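Worksheet: the structure to be examined is printed underneath.
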Amino acid sequence: MSVFDSVLGLKSFRSCKDDTIPRKSMGKVLEAGRNAPSPGNVQSLEFIVVEDEHKKEFLSESAGDHRLEEVPTAVIILGDIDRMSRRFSDHMAREACNAEAACAVQNMRLVAEEEGIGSCWIGGFDPERVSEQFGVPTGKEPLDILGFGFSLDEVERPSKFGLNEVCFYDGYGNQVGSAFDGLEWKGLHEEREIYGKKAGGFLTKLRKRANKYL
Ligand SMILES: Cc1cc2nc3c(=O)[nH]c(=O)nc-3n(C[C@H](O)[C@H](O)[C@H](O)COP(=O)(O)O)c2cc1C
């Protein structure tokens, strides 16, 4: 499956089997997280893999999400805010860690999907309680929790805004007709819709060049 198809097909599961995830697959998923891009290449992330039933129950309760007690494996993503703030200001450091964590999460979810493993992304939980329960040292913080499991449901992917509604050419609000809806933008219509702009650009250049010699 192409990366494009994987991105378009990625969705969170609502429920999953309790079949164990093979260590080899989990290793690949974690490796994908470790290889996420990092602001300033500080590499602020660490990962706690949770398989213990009581600890998953705790996570589920602290996030208010039943999926975390159903999954065979959850992963807590920690950001080293202290290390990041030696490179950036305190405010920036948190943002940088969150950005790095988001990249890691998406890397991990995509590689999990390739391994046939579904996932859910949980950002809403009490980080202090989670830190205390898992012995996270001061200066480091749980930023996200990922649940991994073999999906039980065929969930519909929630609809997204159309490309035409969120993507503009050369200035806010400049839409390229209806050609940007869905995948059509790759097609011939795009050529027709932006032809005027392309031709305009070419003619302007030609006129400028001609003016030089007149
Ligand atoms: C930073 C971030 C935090 C999120 N936190 C939660 C969460 O706490 N609980 C949850 O159910 N989904 C959470 N999500 C998942 C989104 O709700 C989900 O991606 C969105 O509804 C689209 O669904 P899909 O992933 O199935 O396409 C989070 C997503 C992001 C990017």
Put +1 on the Cβ of each Lys and Arg and -1 on the Cβ of each Asp and Glu in region 3-149; which of 73, 134, 32 then has its Cα farthest toward the positive end of the dipole?
32
For region 79-184, what is the charge dipole size about the Cα centre, in debye to the nearest 20, if Lys and Arg each add +1 at the Cβ and Asp and Glu each add -1 at the Cβ?
400
Neighbour-count ranking [beta-carbon atoms within 10 angstrom, fewest first] of 150, 13
150, 13
Taking only C-alpha positions in region 3-149, Rg and Dmax in angstrom work out to 14.8, 44
With label points built 7 Å along Cα→Cβ from the Cα atoms of residue 86 and residue 102, find their separation and express it in nm.
2.6
I want to check the label-to-label distance for residue 167 and residue 126. Put each point 7 Å from Cα in the C-beta direction and report it in nm to one decimal.
4.3
At what distance in nm do the modelled label points of residue 1 and residue 138 sit from each other, each positioned 7 Å from its Cα along Cα→Cβ?
4.5
In this structure, among 17/55; 24/56; 140/160; 17/56; 17/140; 24/55, pairs with alpha-carbon gaps over 25 Å are 140/160; 17/140
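Bear in mind that the values in this text are calculations on the coordinates, not laboratory data. Everything quoted here is computed from the prediction, not taken from an experiment. Because the Cβ atoms are built from the backbone with ideal geometry, glycine has one as well, and the counts that use them run over all protein chains shown.
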